[in-house]
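I have placed the structure first, in the form of structure tokens, so that the comments after it can refer back to it.
Derivation of every value follows stated rules applied to the coordinates shown; laboratory data play no part. Being a predicted model, the structure only gives us computed values, none of them experimental. Note that we place each Cβ from the backbone using ideal geometry, even for glycine, and neighbour counts take in every protein chain shown.
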There are 2 protein chains.
Amino acid sequence: MRATLMYGAGDVRIENVPDSVIAQPTDAVVRVTAACICGSDLWPYGQMPAGSGPARMGHEFIGIVEETGSEVTSVRKGDLVVSPWVFSDGTCEYCQEGLTTSCVHGGLWGYGPHEGAQAEAIRVPYADGTLVKLPVAADSALIPSLLTLSDVFGTGHHAAVRGGVTAGSSVTVIGDGAVGLLAVLAAKRLGAQEILLMGRHEARTDLGREFGATEVIAARGDEGAERVRELTSGQGTSVVIEAVGSRPAYDQAVGSVRNGGTISRVGVPQYEEAPIGLGSLFFRNVRLTGGAAPTRAYINELMPAVLDGSIDPGKVFDVSTDLDGVPAGYRQMADRKSLKVLVRP
Amino acid sequence: MRATLMYGAGDVRIENVPDSVIAQPTDAVVRVTAACICGSDLWPYGQMPAGSGPARMGHEFIGIVEETGSEVTSVRKGDLVVSPWVFSDGTCEYCQEGLTTSCVHGGLWGYGPHEGAQAEAIRVPYADGTLVKLPVAADSALIPSLLTLSDVFGTGHHAAVRGGVTAGSSVTVIGDGAVGLLAVLAAKRLGAQEILLMGRHEARTDLGREFGATEVIAARGDEGAERVRELTSGQGTSVVIEAVGSRPAYDQAVGSVRNGGTISRVGVPQYEEAPIGLGSLFFRNVRLTGGAAPTRAYINELMPAVLDGSIDPGKVFDVSTDLDGVPAGYRQMADRKSLKVLVRP
């Protein structure tokens, strides 16, 4: 079968790999019908040292179950399923609490022996804990929106939930990538009244307005944070969602949050240390929350609004390609010519 | 009148200063009957550059109102009152939300024109917002416990509240100073089931046990965090209260907290940057909260249990002195010979 391999920064190839097979009785093999390229894939695409790969790529997918191990009971051959961006056993203490990203048996697609989703097929460990059956056909027009339940919409939702967004909230969202835009949609869905979207790519911020942003702020850094405060009686917003992961984005979040408010991070941090001392967080009683989104725990909650068409998170996909087009898709996203690339292997 | 002045690290003097007077119609002048030395006073006592002072010291006090400005309505001459460790107007948006430490007119005792509480008297700005009348006499045996409402007990309570302690919680408290011990008491009062106290000063940790600690851990650093995990099925506790303020204490908190849990800081951070990236907080979905405690907002809630004797937070005072003994009191606390010094000017 064919799959996407990253050999180093800027070096993505489609190559033949061994067919996916059942290795454990809890596995399923899924033929991928829809996958995508994630903003987080752009970090290794920009920085991965040559020679450290190749790595199997892709962690968001929908597909048709081809085969199941002897212990799998919740899905069967022929089912259309969606997978979260991490697999999880569904039974451990963390999974039962909804923190599937901390599953004691969980893991990341594309790491170690685990396959990637930008491929014709994928082996799914802990299929019962991981996969969710979809009540539509593989060619449904809802597929792009359902695919966002894998990661980007669930991640935006996690940001809003952890940030404490409720009816009437005032929220700043930093970042006009797919996660930032879907954090806008999630905050709107949870009742936020004021949503300030910080981004400078007009086609994206226009989609942000469609998703519910009440104001768009193109300025960055101190100037951007000052603009947030200008719009909020000098105080900042009670919730700031940081959906980039860079250190400047974190600093912008600190500058934009109201005293006593919450910074909720879902951009994968590209830094380890950052200011959390007396002036930045402590004296102001600012909370720092968020993290890797346990999207598996949100799929059942978010799916009905996608199925009934009341929200359409799939609008973040602006390019569609087959497997051969994946390397070009990485380039387009890295050059910010595409917001998010849908892959139909 | 006489007051405590710090001239530099290790250099505390009792000197004559101008008498406290009403400067604004919202002021009160209070004759101090009970004050104390705070663990946070030990940071400048250890580090204050010579020549940068003198600074007026003391931010916790009980006293008798001697005089009030023309606009003060809630207290009058002769009232016994307690003051929080910051003054606040009681009317701004932040005060109404209970975040009195962010009061738009608030400020810190001993900074700028503001007087300190380790003195015979003190001018109190925004007396109506700041002071709370006490229903006891100045010589009541409850005075030490009521004095902890100024700062240390309210701060321990803030740590527990922000940490999300509720009935059945599992909590680690880092630090056996007055705030750490009173965080134990606060967590116990809020229903925590398991309270692991990290400290190595036996007289203090014994008091911690009396306040509700279910286990004492003398080990520090990685070894201490490992001990917490050993006691919690390898996972750490869902709440970690960090009541020291040093960088090693923060690192210990990161190592002791359960995935998906909360680190609540109330030790004044002596660092600005610290690890908050992928491995420390983000992938594990660990929340970072706490901050400068708005103790004014907690006084009415905490006072009844002190008045009816069901809790006795004043046990943190192990030395009592008059003003002349204050410099020796600083030394005793810095040498860890005293846990907390009560000052009766």
Worksheet item: Convex hull over the alpha-carbon atoms of segment A:67-216: what's its volume per residue in Å³?
Response: 141
Discussion item. Over chain B, what is the relative contact order in percent, taking alpha-carbon pairs closer than 8 angstrom and at least six residues apart?
Written reply: 18
Discussion item. Multiplying the sequence separation of residue A:50 and residue A:76 by 0.36 nm and subtracting their Cα-Cα distance, what value in nm do you get?
Written reply: 5.4 nm
Discussion item. Looking at the calculated P(r) for segment A:1-150, what percent of the C-alpha pair distances fall above 19 Å?
Written reply: 51
Worksheet entry | Spin-label model distance (nm) - residue B:91 vs residue B:301, 7 Å beyond Cα toward Cβ | 2.5
Item to complete: Sum up the charges of everything whose Cβ sits under 15 Å from the Cβ of residue A:151, counting Lys and Arg as +1 and Asp and Glu as -1, but leave residue A:151 out.
Response: 0
Worksheet item: Once the Cα atoms of helix B:152-163 and of chain B are each reduced to a long axis, what angle between those two axes, in degrees from 0 to 90 to the nearest 10, is obtained?
Response: 40
Worksheet item: Of all DSSP beta bridges located in the protein assembly as shown, what percent are antiparallel, nearest 5?
Response: 55
Fill in: Cα lying deepest toward the dipole's positive end in segment A:262-345, options A:316, A:292, A:304, charges on Cβ
A:292
Item to complete: For every other residue with a beta carbon closer than 12 angstrom to the beta carbon of residue A:338, add +1 if it is Lys or Arg and -1 if Asp or Glu, then tell me the sum.
Response: +3
Item to complete: Please report B:124, A:228 as a ranked list, fewest other C-beta atoms within 10 angstrom at the top and most at the bottom.
Response: A:228, B:124
Practice prompt. Once you have the Kirkwood Rh of segment B:8-70 from its Cα pairs, apply Stokes-Einstein at 25 °C and 0.890 mPa s and quote D in µm²/s.
Written response: 179
Worksheet item: Where nothing but the Cβ of Lys and Arg (+1) and of Asp and Glu (-1) is charged, how large is the charge dipole of chain B around its Cα centre, in debye to the nearest 20?
Response: 560
Worksheet item: Taking a ≥ b ≥ c as the square roots of the eigenvalues of the Cα gyration tensor of segment B:257-305, is the shape rounded (a/c under 1.5), prolate (a/b larger than b/c) or oblate?
Response: oblate
Fill in: Relative contact order of segment A:156-290, defined on C-alpha pairs under 8 angstrom at six or more residues apart (%)
24
Worksheet item: About its Cα centre, how strong a charge dipole does the protein assembly as shown have in debye, to the nearest 20, once Lys and Arg get +1 and Asp and Glu get -1 at the Cβ?
Response: 40
Discussion item. Run lengths n ≥ 4 of DSSP H only: what is the helix-derived mean residue ellipticity at 222 nm for chain A, with -39500 (n - 2.57) per run over all residues, to the nearest 500?
Written reply: -7500 deg cm²/dmol
Item to complete: Against the globular-protein guess of 2.2 N^0.38 Å, express the Cα radius of gyration of segment B:238-281 as a ratio, rounded to two decimals.
Response: 1.05
Worksheet item: When all alpha-carbon pairs of segment A:156-290 are counted, what percent fall beyond 24 Å?
Response: 15
Discussion item. How large is log10 of I(q)/I(0) for segment B:85-167 at q = 0.26 Å⁻¹ when the intensity is taken from the Debye formula with one equal scatterer per alpha-carbon?
Written reply: -1.34
Worksheet, complete the sentence: Shielding of B:288-295 by other chains, given as the mean Cβ count within 10 Å, works out to 5
Practice prompt. Find how many whole Å separate the alpha carbon centroid of segment A:145-208 from the alpha carbon centroid of segment A:53-110.
Written response: 25
Worksheet entry | Cut-off 10 Å between beta-carbons: net charge of the residues surrounding residue B:275, Lys and Arg +1, Asp and Glu -1 | -3
Worksheet item: Quick one: in segment B:250-345, what % of C-alpha pairs are over 18 Å apart?
Response: 67
Practice prompt. Please give the peptides A:249-259, A:139-149 ranked by average Cβ packing (other Cβ atoms within 10 Å per residue), highest first, as a rough proxy for protection.
Written response: A:249-259, A:139-149
Response to the item:
Given unit charges at Cβ for Lys, Arg (+) and Asp, Glu (-), the dipole magnitude of segment A:156-290 about its Cα centre in debye, nearest 20, is 360
Worksheet item: Considering only B:146, B:243, B:102, whose Cα is most displaced toward the positive end of the charge dipole of chain B, charges sitting on Cβ of Lys, Arg (+1) and Asp, Glu (-1)?
Response: B:243
Worksheet item: What Rg and what Dmax come out for the protein assembly as shown when only alpha-carbon atoms are used, in angstroms?
Response: 28.4, 88
Response to the item:
Partner shielding of A:258-267, as the mean number of partner chain Cβ atoms within 10 Å, equals 3
Response to the item:
For chain A, one quarter of the surface area of the C-alpha convex hull, expressed in nm², comes to 16.3
Item to complete: Take the alpha carbon atoms of segment B:240-260, find their center, do the same for segment B:319-334, and report the distance between the two centers in whole angstrom.
Response: 30
Fill in: Where Rh is the Kirkwood radius over Cα pairs, Rg/Rh for segment A:142-198
0.97
Worksheet entry | Extent along principal axes [Cα atoms of segment A:59-111; Å; largest to smallest] | 30, 23, 18
Worksheet item: Considering only segment A:156-290, what is the antiparallel percent among its DSSP beta bridges, to the nearest 5?
Response: 0
